1. Using only C-alpha positions, report the orientation-averaged shadow area of the convex hull of the stretch A:134-199, nm², one decimal.
2. Report, in debye and to the nearest 20, how large the dipole of the stretch B:197-254 comes out about its Cα centre when Lys and Arg carry +1 and Asp and Glu carry -1 on their Cβ.
3. List the pair-distance distribution P(r) of the stretch A:128-286, using every Cα-Cα distance, as the percent of pairs falling in each 10 Å bin from 0 up to the bin containing the longest distance, rounded to whole percents.
4. Kirkwood hydrodynamic radius of the stretch B:207-278 from all distinct Cα pairs, in Å?
5. Order of A:TRP330, B:TRP180 from fewest to most other C-beta atoms within 10 Å?
6. Given the -39500 (n - 2.57) contribution per DSSP H run of 4+ residues, what per-residue ellipticity at 222 nm results for chain A, rounded to the nearest 500 deg cm²/dmol?
7. Which ³J(HN,Hα) values in Hz, rounded to whole numbers, follow from the phi angles of the stretch B:126-136 under the Karplus curve 6.51 cos²θ - 1.76 cosθ + 1.60, where θ = phi - 60° and Gly and Pro get x?
8. Can you compute the charge dipole magnitude of chain A about its Cα centre, using +1 on each Lys and Arg Cβ and -1 on each Asp and Glu Cβ, nothing else charged? Give it in debye, rounded to the nearest 20.
Amino acid sequence: MSTYQPGQPLLEVRGLCVDYGAGPDAVHAVVDADLVLHRGEVLGLAGESGSGKSTLAYAITRLLRAPGMITGGSVGYHPKPGTTVDLLAASEGTLRVLRWSQISVVMQSAMNALNPVLSIGAQLTDVLQAHRPDLGQAERRARAGELLAMVGITADRLGSYPHELSGGMRQRVMIAMALALEPQVVIMDEPTTALDVVTQREILEELMELRERLGFAVLFITHDLSLLVEIADSIAVMYAGRLVERADADALFRAPRHPYSLGLLSSFPGLHGPRRRLTGIPGSPPDLRQLPAGCVFHPRCSYAMDRCRTDTPALQRLDVKGDERAVACWLQDGSAAPPPELAVPAPHEPPPPAPGAPPAPAPDLARSQP
Amino acid sequence: MAIGSSTDLDSAQTADLLELYPNGPASRRRVRLPRSPKVLIGLGGLIGFLVLAVIGPWIAPYSPAQVFSTTVSFPQPPSAAHLLGTTQQQQDVFSQLLAGGRSTILVAFVAGLIATVLSVVIGVAAGYAGGLADDLLSMLANLFLILPALPLLIVIFGFLPPSQGSDDVLIGLIIAITGWAFGARVLRAQTLSLRTRDYVDSARIIGERGWRIIGFEILPNLIPILASSFLFTVLYGVGTYTALAFLGLVNPNHVSWGGMLFYAQVAGAQQSGYWWLYIPPGMAVALLGTCLALLNFGIDEFINPRLRAAGLSRRRARRAGLTGAARPPRRFVLGVTPVVRSVPPTGDHRGPVGENLSAGRSRGGRQR
């Protein structure tokens, strides 16, 4: 958990639509995504494989490859409060300046993103050479060593080649590279997926420490919701290219409002608190080429109503004081009381947990689930 | 669950699925050949040439060898009686063009087929067997690669008795001998890569025989390369046969496009301006080669979907109702995702920053 205070918006995504291909065969991979990343915040983006998490992140940075294209919406980046760069209107030159120095990305399968025939040091100094031309060779070398030390690798490893490093070390190098120019936004696409849980935890703890120190914001993409609950300040849950719920991490964990979030949360066991039955979510994610009508989640939703089969719910802000959340579900539209497990009172003012104290027990989420 | 009731359940589930996916799941199973203009033109043209090869000699107005006049000694320009004029020997060029396709195409396809079979046998065997066999077979392929093909063919054809100089299958076989090595090397390289894949290992561990592993695990994965290699060799066959006939190494009485070019050369057609002697057969060879190459591009796109142009052709874009700003770019720049708006952006970033989501924005009912 962090000592995050809601700051100024840094990256604003509104109504972003991303298609693969064009014309009648186009696959709508991301539909109407609304997302705000605040200064210094860790925003988690969760969802199953193929739900559009990575597509969304790459579309924000305009890194998506053909045939991906952005078909609507806007992405605003605010380097300083009050100034705005429209990333969707930005030219190639602007993007070139912004990327890495302002917004950097730790790619999926980051371990394989390192060039196998160049030493770590060469790859780290390459970035500096391109973006900080005023630095001398010795200074670049020193900075590269500094960066490695920052992620817990000794500077004498600069001469090593990627194959001489372990998976965890390569991952650290990738993170160090992403932080080389002290960006304000770091987008991490499943950065720890290939690592074992111990290494994963070490790296994430270091990452969170670095964030405290350097103050960058993180857009953290993962399918591991339990991980996000722990490190993120707020969480957005995606399903079939749509954002279905967006809330503070704590609120989402304790009081999910969307049946899909509830399903995700009851798919992993809690280490504390009373025992509960793991239910998971029946079925599998839909084919984006042939989405069901109405709410895309209704075929797998145990709460589905007639309305869900015909009308698509929009992501609506819930009118609850102190609870910054939006959800796309007809159950929460206020016309009827939602089922009790989707109306657990949210912790309005989550007390900052003392270090070392055990987290509060999780509520029995699945008790009354059919 | 009782077995008897499972069919009912299945049909109920199917009904559910059909309701969810009105287009039916079956439509997803279809193999999607790329339908770019390149492939359509290439395939259409090739089919046209194949049909010509079959019916050409029958639909030709005259026999290609028929001599119309023994008194005129100059090629006659195109006229109503002779659509493409006559040769120096006063034979009908149009009939020769129609009839000559059969020999050219037959030789090319025979050469392609035999060379492909040879390259599969030698390339896959070398790649799969490895060790000494690989070394020897690779050396053989390398030898044939460095042999200068045309001089070798000239020597071989020099030894052919004239009676066999018009045997298309034999000519195809001889051309194939000089044309298989390239395909064999490509197939060997891909086989080397495929044989270390996990699914081949597992087949080996199960105890499958070598021929079965090659036939059912490796060959199916080589088909795209095989098809491409086949077309390439056919193209090589067209060029080589035409060249040999042009040089007069094939029995000159055996009508083919290369043979027509040979007679055009003998008549000094280029110097004397008898364009109808060399342009029709030359164009036919060039068009056949173009069709083969276009089809090969299509196979490339089929193997590697990344090559498929993501941008739409003008016509398809118009049919899909995409115009102006909503039309995707023809070319994608790596690292800059294009923004193709069909609706004007709704967000306003120029205003004061603060509230992150306008609560009253209605986005409901927007279904895509």
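FYI, it's all coordinate maths here, none of it is from the lab. Given the structure is predicted, the values throughout are model-derived calculations rather than measurements. Please note: Cβ atoms are built from the backbone with ideal geometry, for glycine as well, and neighbour counts cover all protein chains shown.
1. Its Cα hull, projected and averaged over all orientations, spans 5.3 nm².
2. Numbers: 4 positive and 4 negative charges, 20 e Å.
With Lys and Arg at +1 and Asp and Glu at -1, about 100 debye.
3. Pair shares across the bins are 9, 32, 30, 18, 9, 2, 0.
4. 15.2
5. Working: A:TRP330 21, B:TRP180 28.
So the residues, fewest neighbours to most, are A:TRP330, B:TRP180.
6. It lands at -7500 deg cm²/dmol.
7. 4, x, 7, 6, x, x, 5, 4, 4, 4, 5
8. Once rounded to the nearest 20, the dipole reads 220 debye.
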